[in-house]
Amino acid sequence: EDKVTLQLKWVTQAQFAGYYVAKDKGFYKEEGLDVEIKPGGPDIAPEQVIAGGGADVIVDWMAGALAARDKGVALVNIAQPFKKAGMELACPKNGPIKTEADFKGRTLGVWFFGNEYPFYAWMNKLGLKTEGGPDGVTVLKQSFDVQPLIQKQADCISVMTYNEYWQLIDAGYKPEDLTVFNYSAMGNDLLEDGLYTLQEKLKDPAFEDKMVRFVRASMKGWKYATENNDEAAEIVMENGGQDENHQKRMMSEVAKLIDNADGKLIPEAYERTAKALLDQKIITKQPEGAYTTAITDKAIK
Amino acid sequence: MRALKPSWQAVLAVLLCLIALALGAMSTTEMAASAQPSSPTAYPYLGIKGLMYGLAVVAALLSMLALAPALEALVLCVGSTAVALMLVSGITGFEGTALAPYFLLLIAAWLLGWRCVAVLSSIKPSQRWISTLLRLVIPALFGAWILFLWEAITRGAGIPFILLPPPSAVGVRIANTLPVLWADINQTIFRSVLIGYALGCASGFLAAILADRFVFLRRGLIPIGNMVSALPIIGVAPIMVMWFGFDWHSKAAVVVIMTFFPMLVNTVAGLAASGHMERDLMRTYASNYWQTLAKLRLPAAAPFIFNALKINSTLALIGAIVAEFFGTPVVGMGFRISTEVGRMNVDMVWAEIAVAALAGSVFYGVVALIERAATFWHPSVRGG
Amino acid sequence: MTAVKPAVVAASKLGLTFQTNDGPVQALSNVDLSIGKGEFVSFIGPSGCGKTTFLRVIADLEKPTSGSITVNGMTPEQAREKRAYGYVFQAAALFPWRTIERNVALPLEIIGLPKAEQTERIRRTMELVNLAGFEKKYPWQLSGGMQQRASIARALAFDADLLLMDEPFGALDEIVRDHLNEQLLQLWAATNKTICFVTHSIPEAVYLSTRIVVMSPRPGRVTDVIESTLPRERPLDIRETPEFLAIAARVRDGLRAGHSYED
Amino acid sequence: MTAVKPAVVAASKLGLTFQTNDGPVQALSNVDLSIGKGEFVSFIGPSGCGKTTFLRVIADLEKPTSGSITVNGMTPEQAREKRAYGYVFQAAALFPWRTIERNVALPLEIIGLPKAEQTERIRRTMELVNLAGFEKKYPWQLSGGMQQRASIARALAFDADLLLMDEPFGALDEIVRDHLNEQLLQLWAATNKTICFVTHSIPEAVYLSTRIVVMSPRPGRVTDVIESTLPRERPLDIRETPEFLAIAARVRDGLRAGHSYED
Amino acid sequence: MDSLRSKIIPVTTILLVIVAIWYVGAMAMNAPFQRDMDSRNNATPSTMEFIGKTLSQAKPTLPAPHQVAQNFFENTFERKITSNRSLVYHAWVTLSSTLLGFAFGTALGIVIAIGIVHVTTLDRSLMPWIIASQTIPILAIAPMVIVVLAAIGITGLIPKALISTYLSFFPVAVGMVKGLRSPELMHLDLMHTYNASRSQIFWKLRVPASVPFLFASMKVAVAASLVGAIVGELPTGAVAGIGAKLLAGAYYSQTIEIWSALVAGSVVAALLVALVGLAGRLVDRAMGGRPA
Ligand SMILES: Nc1ncnc2c1ncn2[C@@H]1O[C@H](COP(=O)(O)OP(=O)(O)OP(=O)(O)O)[C@@H](O)[C@H]1O
Ligand SMILES: Nc1ncnc2c1ncn2[C@@H]1O[C@H](COP(=O)(O)OP(=O)(O)OP(=O)(O)O)[C@@H](O)[C@H]1O
Ligand SMILES: Cc1ncc(C[n+]2csc(CCO)c2C)c(N)n1
Ligand SMILES: [Mg+2]
Ligand SMILES: [Mg+2]
């Protein structure tokens, strides 16, 4: 059996159900793989882990991967299970923000640690400064949770459709109490969870073959997960997920982002992501060879 | 016999140079070039290899002659620094190609640097200004060597930039982002750290006095103080953000909690440190509690209290920075570190770390200077 | 004669036992003693017999385990709180962070004396113990005898009615000692202080005291109390008179009796 | 007579100045002195005149700022490294965390004596200073004089050829002092040790010494060196002989000359 | 035992005062959110009902003491200690790396202090850099440390313990430098007269003299170790330990869980500090320490 180490971007939750399902249901084993899944956390940068040799393949957002590539870690996207972005900005209806025009002079909660690019790209598009003041928006670095909204420290906060949004609902907000700005819906989305590996290693045909098998099994896992949400959520729970109900809900939301589980990258979304990063000078040069469709082409015939 | 003054560092350095010479090529490119002498490829240290070895060996040998310490230090300093500089500048452009001789020569140069520091610290100057100068030069040399090693190893071994950038890159980054760094310092150090430190130390001190004054409080407060001590910052910081908002107030609150306990523990230990006879003396004057405290027990506790002030000066800095990982405005050293890690701008991360280290050292140094002045009578200051 | 004066210190059946890691040590046993106002009482006895302990009991630094004691008619604690006495310890006990001058000032600060009067008293007592010129030095910069004198100056500056002095002149040479003996007698005569004085020097005890208490070791008991027949006015050469020598001989005999080795 | 013996201590033009916060203090100035093997030299002088400082220079605890000194023909440092001397400090300097017995054992542990011999020496010296029964006590459980005796025991147990003693008997009563004086003389006679002895007691100095060095204060100078004409064999009552009293008188005169106040 | 009883009354009194303040705080801090909720639901509760609600929210801003106590009790006593949900299990995971890190840290701190006191080169050159090292925010480099260690095959307990070490050696080093230099000059002189070797001076004089400083520092260090162990749990995937518990709680805003994990951490800390204190007292007693 070939060993593969997968580094996730965040803690164990239904966001990564496909991989846990593939492992639990033996899809990896069928492909002759022995996969170790390493959960991430708030201060784990998967890009660093892979550069340090701690993983063979990582789950990452495209923006972060391109930024790392710009810094000399040649990450290549080999599959893109998430077709749509799950991020959105949520504002209470009884607050001051109803439309994009109301942002001026307000405080918005944003996640950093590589998750801030879509927000800045959007503000860029709106022509809003992010240094505060009456003509711009004040940015608040938001931590794990939805407290800034509950504590009224921010007028809007970032949420994921599959996660924090439901925490707001749990906290007593009803869907009709909230205005949400969904990045995908606005056409501002940057690619989220994809699978990345090192360009150097991909040159090795044996490794490439291993990745083909890995992606094939992973996508099979995702397919299974999107079709059997509750079972997938339970598998996540068994692997250390927290709060069963929450995981079930997350699974069903995540399923909406997957589309059909073929892992194929949509080149337009890639271009949009690259351009947004270039515009913000996050990366200095147009990325070349930052993705390959070879793997998915071989994996999903 | 008097003409020679062998030192193990110099001898070992010469030995390492010889081994390195015997091993040959210093980089994979050089190896490749010598395998195919026909194709003229460029490789590191084309012309200066001999010069580097020569310098190292000569400096090592010269240093073992019975020179005046100042002269010996000069020879060592010049020799080792020159070799290190050449090593580092030579490998630029060929990162990750270094072979064993590269590292051996590096170690040899470092040994000479070490010897230099050792010689310098054994000098006992008669004039004041020289000893002050030495006090600054020695740690600076030591630090310079840490940087040399770091630069040479990251470049020589080709460590990925996003894992550990070479210090030169960090230096460039610092120079280019001074305004940002200054804004961060302003937010983190002049607000969270200093205010939190002052409040935390003061409250720890007051708690210790209260605990000392009232037995009831001592029995009740100390165990609870112990519990506060280990409230992990990562648990407390989000709560503080919840309570005090996301600006510096919540960071200062975290710093208060972190600095409280060391002050409490050390002050309590210090208040127990005054001698029995001295306490008896104060009793014979029917000196009241506060008089005894002010005139005997606090002065006697001063070494312990300064101990806490010193430990806290660095704790406060760590606390404020780490607390900024959990909800902040978009300025501050901790904010910058956590976001720039996410952006893979590791040089910026290290720039902030370097600034933090500098600020922390200055902070600590100021406290230590005050300590020397205030506890001049303590054996540890009078020289033990 | 002394009995009619009001007793400054009155001990009856006083006993004190220390509990130590290897069993109890009886430091004082059955001490009966009354010291009247204006007396100068010397305590003499072999090393470890309980002299310091007795002084410490008077000073409320040690609680007796049996018997009773009053100081100025009060418990030692009340007396201490009234600042009834000044104490010169066997060791100098100077604070290392204060200069000599500020060490002497310590008790004056505590009783809250006005600054001007503090300066005056410090000057006077520093001169008395011959330390003028060393005001600004720190304790560790002084010789052993000088430290001892600084601690005497500190107690004298305090100026209480009862002076407890534990071998104050032990570390001083004969000449300084004679000088300070004279000074102390003058001070005593002029101010009618009561003085309890521990010493190892028989001539010193005889020269200074109106009464000499001889103690014997473990358990510390009072074996002899010798009333001095010398006049209050005592020039230094009184020490050659037969009367003086007779008293000294009696003290020496009392002392010798308490020792285990006969020679 | 002493000149022919090999000099154990030889100081010439020795000077030492301390730098303090308010200017330099000259503790020793131009001291010329040679001490031969087997001598018993006492130092006497007013408090603060530099006696302790001189002993500390011999012991390599203080570096002279001018002049030169040899100990056993070596520099003081070399002599110290050869463990040439034992030192009794003016204060007891016992380690508070060791029992008395273990304090006495300290130097023996350091020179690495076998356990059995350590026990034997401790027993012997503890008896000598009359502290048997207090082996297991901690220093703070002892009286001042007992602590001083413990520190003497410690130095005697060390058993070096040169003994430096700084007012070792200052805190002891006359009887114990006489006893220890005799013991010390016996020890000295039996072992041919060289002893440098600081004291404030003129009779003690005369009784013990083959030579008495009188010093004067600030800057500490040697003002008189008195050779004793007493025989080596000295019973205690030699102190009443006219010869003894004559020497004592000469010492007293030398001492008085050094003092600022005449009486 | 008597001293135990004489401690219980003060501790409980003060705890009661804290709990009372805590309840008031919980009501005050949870009230705004409750008001929001009520206004969204058009509910108009009576004052008593309102207070009751502020003390029974599922994710309160400040959980009420009884909520924390209940959660703490359930997770401590009602779960198998091997269960992933048992606080005892998590506390044990954290404790093991704390203890290892504390042992490393104390040893390292002492070694550094010895070096600084005895080697002039180190005294002159090392201290500023040790100080600088302590200003590096641990949370920033912890992931890199763990990545690098994992790359060379070190995983599990050791990386977490190393982060504890990093935080705990400093108080020990600073305190011990002070302590080892605290013997009285006369005692040092005495040792010089015996021409005692450096190691003899060290063992027989410097070490005993440094004991009060050592224990004061070790109390701070053991607390710092615990913080380090908790910090170290995050970048290792936060699978077990009090840090993992805190993180999971924080991630889902489960404030009650956070607080009960915090309480667990504090209890562990208090026990550790008390243990060090006890060891200090025993050592002091063995060294003939004089009762105050
Ligand atoms: N460390 C020091 N720093 C400054 N001055 C000092 C120091 N040690 C001693 N002196 C000064 O040196 C002089 C001599 O001191 P020394 O201790 O030798 O006197 P001594 O003859 O032993 O007196 P005593 O009989 O009182 O013990 C004194 O005036 C003292 O103030
Ligand atoms: N704190 C203590 N704990 C236990 N025993 C003590 C304590 N203090 C004194 N002792 C013992 O009490 C006895 C009397 O001691 P004290 O100090 O009163 O003697 P002293 O007469 O002053 O002797 P010296 O002339 O040597 O100073 C001694 O045997 C001593 O060991
Ligand atoms: C510090 C911090 N960073 C990001 C998120 C939000 N978050 C959680 S999962 C996820 C998708 C990436 O896997 C994102 C963006 C957070 N809550 N806290
Ligand atoms: Mg006494
Ligand atoms: Mg002296």
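What follows draws every value from the coordinates through simple rules; no lab data is involved. Here the structure is a predicted model, which means the values were calculated and not measured. When we count neighbours, we look across all protein chains shown, and the Cβ atoms used for this are built from the backbone with ideal geometry, even at glycine.
Each Lys and Arg adds +1 at its Cβ and each Asp and Glu adds -1 at its Cβ; summed about the Cα centre, region B:281-350 shows a dipole of about 500 debye. With K and R counted +1 and D and E -1, the other residues having a Cβ less than 11 Å from that of residue A:208 yield a net charge of +3. Relative contact order, whole percent, for region E:87-286 stands at 30, derived from Cα pairs under 8 Å and 6 or more residues apart. What the Cα convex hull of chain D gives, in volume per residue, is 144 Å³. Between helix B:215-229 and chain B, what is the angle of the helix's C-alpha long axis to the longest principal axis, kept within 0 to 90° and rounded to the nearest 10? The helix B:215-229 is inclined about 30 degrees to chain B. Per residue of D:85-96, other chain Cβ atoms within 10 Å of the residue Cβ number 5 on average.
When chain C is turned onto chain D, its residue with the beta carbon nearest the axis, and that distance in whole angstrom, is C:170, 3. Take every pair of alpha-carbon atoms less than 8 Å apart whose residues are at least six positions apart; their mean separation over the length of chain D yields a relative contact order of 25 percent.
On the beta carbon distance between residue B:65 and residue D:32, with R0 = 45 Å, the FRET formula returns roughly 0.65.
Computed on region D:1-156, the Cα convex hull volume stands at 154 Å³ per residue. For chain E, modelled as a GNM whose springs connect Cα atoms under 10 angstrom apart, the maximal fluctuation among E:256, E:242, E:116 occurs at E:116. Look at where the Cα atoms of region A:195-228 and of region E:54-80 average out, and the two centres are 43 Å apart. Going by neighbour counts of Cβ atoms within 10 Å, the residues A:82, B:246, A:113 line up, fewest first, as A:113, A:82, B:246. Taking the DSSP beta bridges with both ends in the protein assembly as shown, the antiparallel portion is around 55 percent.
Distance from the C-alpha centroid of region E:241-265 to that of region A:42-74: 28 Å, rounded to the whole angstrom. Taking every DSSP bridge with both residues inside region A:1-148, close to 5 percent are antiparallel. Taking Cβ atoms as reference points and 13 Å as the exclusive limit, the residues near residue E:128 contribute a net charge of +2, counting Lys and Arg as +1 and Asp and Glu as -1. Once the Cα atoms of helix B:298-323 and of chain B are each reduced to a long axis, what angle between those two axes, in degrees from 0 to 90 to the nearest 10, is obtained? Once rounded, one gets 60 degrees.
Stokes-Einstein diffusion of chain A at 25 °C, 0.890 mPa s viscosity, Kirkwood radius from Cα pairs, rounded to a whole number: 125 µm²/s. The three principal axes of the C-alpha atoms in region B:201-354 carry coordinate ranges of 68, 30, 19 Å, sorted with the longest axis first.
Note on B:160-169: average number of Cβ atoms from other chains within 10 Å of each residue's Cβ is 4. The aspartates and glutamates within cross-link reach of residue A:125, meaning a Cα-to-Cα straight distance under 14 Å and a gap of 8 or more places when in the same chain, are A:100, A:189, A:279. Helix-only arithmetic for chain E: the sum of -39500 (n - 2.57) across DSSP H runs with n ≥ 4, divided by the residue total, places the mean residue ellipticity at 222 nm at -26500 deg cm²/dmol.
Principal-axis analysis of the Cα atoms of chain E puts helix E:120-134 at an angle of about 10° to the longest axis. When each of the peptides A:243-254, C:16-27 is scored by the mean number of other C-beta atoms lying within 10 Å of its residues, the order from highest to lowest reads A:243-254, C:16-27. Run a plain Debye calculation on the protein assembly as shown (Cα atoms as equal point scatterers, no solvent) and give log10 I(q)/I(0) at q = 0.04, 0.05 Å⁻¹, rounded to two decimals, same order as the q list. Taken in order of the listed q values, log10 I(q)/I(0) reads -0.36, -0.54.
Straight-line cross-link reach from residue B:49 at under 16 Å between alpha-carbon atoms covers these aspartates and glutamates, not counting any fewer than eight positions away in the same chain: B:30.
Geometric descriptor of region A:168-215, per residue, is 139 Å³ (volume of the convex hull of the Cα atoms). The HN-Hα couplings worked out from phi for region A:255-260 by the Karplus form 6.51 cos²θ - 1.76 cosθ + 1.60 (θ = phi - 60°) are 3, 5, 8, 7, 6, 8 Hz, whole numbers, x standing for Gly and Pro.
Sorted into 5 angstrom bins from 0, the C-alpha pair distances of region E:87-286 split as 1, 8, 14, 17, 16, 14, 11, 8, 5, 3, 2, 1, 0, 0 percent.
The other copies place their residue D:66 label points at 6.6 nm from this one, listed shortest first, where each point is 7 Å from Cα along Cα→Cβ.
Only aspartates and glutamates eight or more places from residue A:174 in sequence, or on another chain, were considered; those with a Cα closer than 16 Å are A:164, E:36, E:38.
Residue by residue along B:312-320, Cβ atoms of other protein chains within 10 Å of the local Cβ number 5 on average.
Maximal additional length on extending the residue D:256-residue D:191 stretch stands at 19.9 nm, based on 0.36 nm per residue less the C-alpha distance.
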